[in-house]
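K.L.:
Just passing along the structure, written as C-alpha cells.
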Ligand code: CP
Ligand code: NVA
C-alpha cells in the first residue's frame, strides 16, 4: 500500500530514526544515491510561495535523476477548476509522488485519500512535517543526542510548532513554549503531544514569559509572527507578539552555547533580530540545508528506494 507523509503523528520513533540515518548518509555521500529515482516524476502543488521547500525538493529530485513539475497557484487551481479528488486521480496517472503546500490542511488530506501515489505535506495551515524532521535532524547533528535536550519555542503556536511538538515528543525532547495569550498551539495537538511525551519521558510545558522558556534551553526556536495567509492580521499580531522577540538581551540570559533556530523566511527585526540570525549561536542556514537531505530521505523511503 502507498504511504503518505501528512503528519509526523503517523510516524513511529523508529521510522523517524531511519529517516535520520538515511538523511545522514545522503548528506555524507550524495553520489552513492545518484539516479536512484531515474525516470520518476514529482509534482509540486503549491498554493503559497516557497523558497526552501520548492527548491530543495526540485534539486533533490534532480540529484536522483528524476523530474519535477511545478504547479503553482494559477496552474491547476486546486478545488476551483476541478475537484481535489479529480486532480488527485489524474495526477496519479502521470506522477510517482506529490508534494502539496496548501492553505487548508484538509486539502492535503483529500489529495492523499484520493491519490494512488504518495502525497507529502509541504506545509499546510496546520502542519509542516518536512520542516520539523529537518529541524530535529539538525539538533541531533549538533547535539549528538535528542533525549533530554530542551527546546524553547518563542512565538506563534502555528503549523511549525505543531510539527515540532509531534516530532520532539516522539524523540524525547523537552519543549517549553512561550506564546502570547490567544496564540497557543492547537489544543488537541498539544494534548496528543503530551500523551506521546509521557511515553518517551519528554516534557512539554507552556509559559507566558520568554525568559522562563529559555532557562537552561539548549535550543531556542522561533517562526514568523505573520504567517502566509495571515497578512490582514499583521497589525494586531505585531502588537500581540511584541514581547516575544529573540534578541541579544534574551540570549544574554540563555545558555552561552545554546543554538538558535528559525524555519525561515525570517522577518528580521520582528520575531528575531538580524544580529541574532547572523550571530554565533545561529544555525539557521545549516537547518535550511538539511531540508534537502531529509526530504531526499523521505522521497526514497516513500518510493521504497531507501535501502
Ligand atoms: N521553511 C520553509 O518551508 O521555507 P519556504 O516557505 O521558503 O519553503
Ligand atoms: N508559519 C510560517 C512558516 C513558513 C515556513 C507560515 O506558515 O507562513
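K.L.:
Quick one: is residue 218 touching a residue at least 40 places away in the same chain (Cβ under 8 Å) and either away from ligand 1 (no atom under 15 Å from the Cβ) or crowded, with 20+ Cβ neighbours inside 10 Å (or both)? Steps first, answer last, please.
P.N.:
Working: touching a residue at least 40 places away in the same chain (Cβ under 8 Å): yes; either away from ligand 1 (no atom under 15 Å from the Cβ) or crowded, with 20+ Cβ neighbours inside 10 Å (or both): yes.
Taking the combined requirement at face value, the residue satisfies it.
K.L.:
When only residues in segment 276-304 that are touching a helix residue (DSSP H, G or I) at 6+ places or on another chain (Cβ under 8 Å) and in a loop (DSSP other than H, G, I, E, B) count, which is nearest to ligand 1 (Cβ to nearest atom)? Please lay out each step first, then the result.
P.N.:
So in segment 276-304, the residues touching a helix residue (DSSP H, G or I) at 6+ places or on another chain (Cβ under 8 Å) come out as 276-277, 279, 281-284, 286-288, 290-301.
Remaining after also requiring in a loop (DSSP other than H, G, I, E, B): 279, 281, 283.
On the way: 279: 20, 281: 19, 283: 14 Å.
So, considering only residues that are touching a helix residue (DSSP H, G or I) at 6+ places or on another chain (Cβ under 8 Å) and in a loop (DSSP other than H, G, I, E, B), the one nearest to ligand 1 (Cβ to nearest atom) is 283.
K.L.:
A further question on this structure: Kindly list, by first and then second residue, each pair from a residue in segment 49-77 that is within 9 Å of ligand 1 (Cβ to nearest atom) to a residue that is part of a loop (DSSP other than H, G, I, E, B), limited to pairs with Cβ atoms under 6 Å and residues at least 6 apart or on different chains.
P.N.:
Between residues of segment 49-77 that are within 9 Å of ligand 1 (Cβ to nearest atom) and residues that are part of a loop (DSSP other than H, G, I, E, B), the close pairs are 53/122.
K.L.:
Looking at 163, 193, 176, can you tell me which residue is touching a residue at least 12 places away in the same chain (Cβ under 8 Å), within 26 Å of residue 269 (Cβ to Cβ) and assigned to a helix (DSSP H, G or I)? Break it down into steps so the answer makes sense when it comes.
P.N.:
Working: 193 fails: within 26 Å of residue 269 (Cβ to Cβ); 176 fails: assigned to a helix (DSSP H, G or I).
Sole residue among the options that is touching a residue at least 12 places away in the same chain (Cβ under 8 Å), within 26 Å of residue 269 (Cβ to Cβ) and assigned to a helix (DSSP H, G or I): 163.
K.L.:
I would also like to ask the following. Return yes or no: is residue 139 assigned to a strand (DSSP E or B) and either more than 16 Å from ligand 2 (Cβ to nearest atom) or in contact with a helix residue (DSSP H, G or I) (Cβ under 7 Å, 6 or more places away or on another chain) (or both)? Explain how you work it out, then say what you get.
P.N.:
Working: assigned to a strand (DSSP E or B): no; either more than 16 Å from ligand 2 (Cβ to nearest atom) or in contact with a helix residue (DSSP H, G or I) (Cβ under 7 Å, 6 or more places away or on another chain) (or both): yes.
For residue 139, the condition - assigned to a strand (DSSP E or B) and either more than 16 Å from ligand 2 (Cβ to nearest atom) or in contact with a helix residue (DSSP H, G or I) (Cβ under 7 Å, 6 or more places away or on another chain) (or both) - is not met.
K.L.:
Now, a different point. Starting from segment 80-96, keep only residues that are touching a residue at least 24 places away in the same chain (Cβ under 8 Å), then list their pairs with residues that are assigned to a strand (DSSP E or B) whose Cβ atoms are within a distance under 6 Å, requiring at least 6 positions of separation or different chains.
P.N.:
Filtered contacts from segment 80-96: 84/78; 91/43; 95/41; 95/43; 96/41.
K.L.:
Across segment 179-190, what is the number of residues that are free of Cβ contacts under 8 Å to residues at least 12 places away in the same chain and either crowded, with 20+ Cβ neighbours inside 10 Å or in a strand (DSSP E or B) (or both)? Spell out the reasoning first.
P.N.:
Step one: filter segment 179-190 for residues free of Cβ contacts under 8 Å to residues at least 12 places away in the same chain, giving 187-188.
Subsequent filtering for residues that are either crowded, with 20+ Cβ neighbours inside 10 Å or in a strand (DSSP E or B) (or both) retains none.
Going through segment 179-190 one residue at a time, the tally reaches 0.
We did not get these values from a lab; they are worked out from the coordinates using the rules stated. Remember, predicted model here, so these are calculated numbers, not experimental data. So basically every Cβ, Gly included, is an ideal-geometry build from the backbone, and we count neighbours across all protein chains shown.
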